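Below is one structure; the comments refer to it alone.
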Amino acid sequence: MFGQRRAVAVVATVLLAATGCAHETGLGISVEGGLGNQTMMTRAEETSGMDALIEGQLGWTDENCLGLGLALDGSLVITPAVFPYGTVFLPEWDGIQLRDGTIVMIGEQMESGGGFVTPPPDIMRHVPLNCHVEGEIPFMNQ
């Protein structure tokens with residue numbers, strides 16, 4: 001019986017660590033404004049850890065938040081995205097420049113390592129409403 005309690009305690013500790021570590025490992029968001037009410041979200045600090053391949057077409061949501069066009073149910077849906085740390089918004093070129101110098105124009109495909117995360121409310125309260133969505137959004141590392 002003592003062994004069962006110990007196993008339950010270990011599992012509970014692992015679950016708490018797993019659910020809390022995303023926020024603690026740098027899901028901070030910086031916001032940059034562009035022309036009009038255009039908004040881009042970027043990682044607030046250089047991080048790694050999530051390494052899923054994120055691919056999509058750079059574009060604007062209907063609410064003027066920079067995002068990625070992802071294929072959902074056979075159509076392209078642009079969802080707000082959090083771009084890698086050091087990404088610069090280029091309104092005069094209608095695109096972005098990644099920290100490594102790569103330029104991605106609106107309508108072009110891009111890929112990055114990262115993951116899909118539901119941003120915690122304490123982070124999103126600093127983000128303009130035009131970038132708020134329900135559920136997970138792409139968080140890109142590099």
Exercise. Hey, can you tell me all the residues within the stretch 80-101 that are small (Gly, Ala, Ser) and open to solvent by 30 Å² or more (accessible area, probe 1.4 Å)?
Key: Gly86, Gly101
Practice problem: Kindly establish whether Ile137 is under 13 Å from the mean Cα position of the chain (by Cα) and crowded, with 19+ Cβ neighbours inside 10 Å. | Solution: yes
Self-check item: Single residue of Val127, Val77, Val104, Val117 found to be surrounded by 12 or more Cβ atoms within 10 Å (Cβ to Cβ), farther than 23 Å from Gly28 by Cβ and among the aliphatic types (A, V, I, L, M)
Solution: Val77
Practice problem: Please list, ordered by first then second residue, the pairs with beta carbon atoms under 7 Å, 6 or more apart or interchain, first in the stretch 123-135 and small (Gly, Ala, Ser), second open to solvent by 20 Å² or more (accessible area, probe 1.4 Å). | Solution: Gly135/Thr118
Quiz item: Which residues, counting only those in the stretch 28-50, are out of contact with any Leu (no Cβ under 9 Å at 6 or more places or on another chain) and modelled with pLDDT of 80 or more?
Solution: Thr42
Quiz item: Does Gly67 meet the test of being assigned to a strand (DSSP E or B) and within 13 Å of Thr39 (Cβ to Cβ)?
Solution: yes
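The values are calculated or read from the model by the stated rules, or taken from the named source; none is laboratory data. Quick caveat: nothing in here was measured; it's all calculated off a predicted structure. Virtual Cβ from ideal backbone geometry, glycine too; neighbours counted across all protein chains shown. To get the accessible areas, we keep the full protein, side chains included, count just its heavy atoms, and leave off ligands, DNA and RNA. Shrake-Rupley method; radii C 1.70, N 1.55, O 1.52, S 1.80 Å.
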